[in-house]
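One structure is given below, encoded as structure tokens.
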Amino acid sequence: MPLKITLRKDEKSSPLRQMLNMLLQSPAGDSAILCSGYIWQPTGNRYNILDDGLRSAIVSGCNGGTLTTVAGKFSFNYYKAYYRNFILDLRSKGVNVVPYYAPKKNWHAKIAIRMSGSKPVAALVGSSNLTGPAYGLNRNWNFEADVLIWTKKGKQTEFFRDDGLNQDLGRFEVILDLEFTQLDEEDQLEGIDKDVMDAELERFE
């Protein structure tokens with residue numbers, strides 16, 4: 001099974017943004033599941049996640065299918081309102097949204113799954129919420145790590161390989177695919193170590 005691991009390390013590029021939009025539009029699927037602790041969808045002229053390109057990816061990728069959503073990190077009441085805004089916005093664009101939340105309001109997992117009928121064909125798992133610091137460009141941002149996994153169904157390997165991500169994004173990859181020429185284990189580990197240690201870390205005293 002092919003696998004990619006990414007680390008965001010600057011404001012100019014978001015591997016999550018690229019991989020999530022690709023996952024939602026993978027030609028091997030017709031529906032998706034989106035899980036996030038926080039979803040940033042305020043009203044008015046403030047930044048929101050759907051206006052920043054996510055809406056178009058969802059609408060095109062779930063046309064005729066279903067978008068299942070899970071949220072629940074409602075430590076502030078406005079996050080509950082933002083989640084409702086997110087659902088209503090997508091429904092107004094014709095997306096069949098089936099929303100869920102964690103009863104104890106403590107959902108914090110970040111998972112996106114591309115579905116083909118009832119079968120998962122790709123998944124993105126990591127630290128990134130559906131918020132500006134994870135998804136947006138040229139704004140406040142967070143260091144985020146995400147893992148993309150996909151099956152070889154259809155032409156998914158070719159689809160996900162051609163992702164437009166450059167090495168200067170802080171990407172490191174593990175591709176479990178014998179047809180793909182890759183670095184050996186030592187070089188992979190050295191690359192991971194360099195990306196982490198070059199990330200402007202401070203000592204904890």
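The values are calculated or read from the model by the stated rules, or taken from the named source; none is laboratory data. Bear in mind the structure is a predicted one, so any value in this text is a computation, not a measurement. Neighbour counts are summed over all protein chains in view; Cβ atoms, including those assigned to glycine, are modelled from backbone coordinates with ideal geometry.
Brief remarks follow.
- Scope segment 26-55; condition surrounded by fewer than 18 Cβ atoms within 10 Å (Cβ to Cβ) and either touching a residue at least 12 places away in the same chain (Cβ under 8 Å) or among the hydroxyl-bearing types (Ser, Thr, Tyr) (or both); matching residues: 27, 30, 42, 43, 47, 52, 53
- Residue list for segment 135-144, restricted to those being surrounded by 20 or more Cβ atoms within 10 Å (Cβ to Cβ) and in contact with a strand residue (DSSP E or B) (Cβ under 8 Å, 6 or more places away or on another chain): 144
- Some residue of segment 39-58 being at pLDDT below 90 and aromatic (Phe, Trp, Tyr): no
- The set of residues in segment 114-124 that are over 15 Å from residue 27 (Cβ atoms) and either touching a Leu at 6+ places or on another chain (Cβ under 8 Å) or buried (at least 21 other Cβ atoms within 10 Å of the Cβ) (or both) comprises 123, 124.
- Here the condition is being buried (at least 18 other Cβ atoms within 10 Å of the Cβ), within 16 Å of the chain's Cα centre (by Cα) and modelled with pLDDT under 85; of 130, 169, it holds for 169 alone.
- Meets criteria (assigned to a helix (DSSP H, G or I), free of Cβ contacts under 8 Å to residues at least 24 places away in the same chain, surrounded by 18 or more Cβ atoms within 10 Å (Cβ to Cβ) and not acidic (Asp, Glu)) for residue 87: yes
- Which listed residue, of 84, 91, is out of contact with any helix residue (DSSP H, G or I) (no Cβ under 8 Å at 6 or more places or on another chain) and closer than 15 Å to residue 40 by Cβ: 84
- In segment 113-146, residue nearest to residue 22 (Cα to Cα) [restricted to those that are touching a Gly at 6+ places or on another chain (Cβ under 6 Å) and in a strand (DSSP E or B)]: 114
- Residues that are assigned to a strand (DSSP E or B) and either out of contact with any Cys (no Cβ under 7 Å at 6 or more places or on another chain) or among the basic types (Lys, Arg) (or both), drawn from segment 90-111: 97, 98, 99, 100, 101, 110
- Residue within segment 13-34 that is of a type in the set (Val, Ile, Thr) and within 20 Å of residue 115 (Cα to Cα) present: yes
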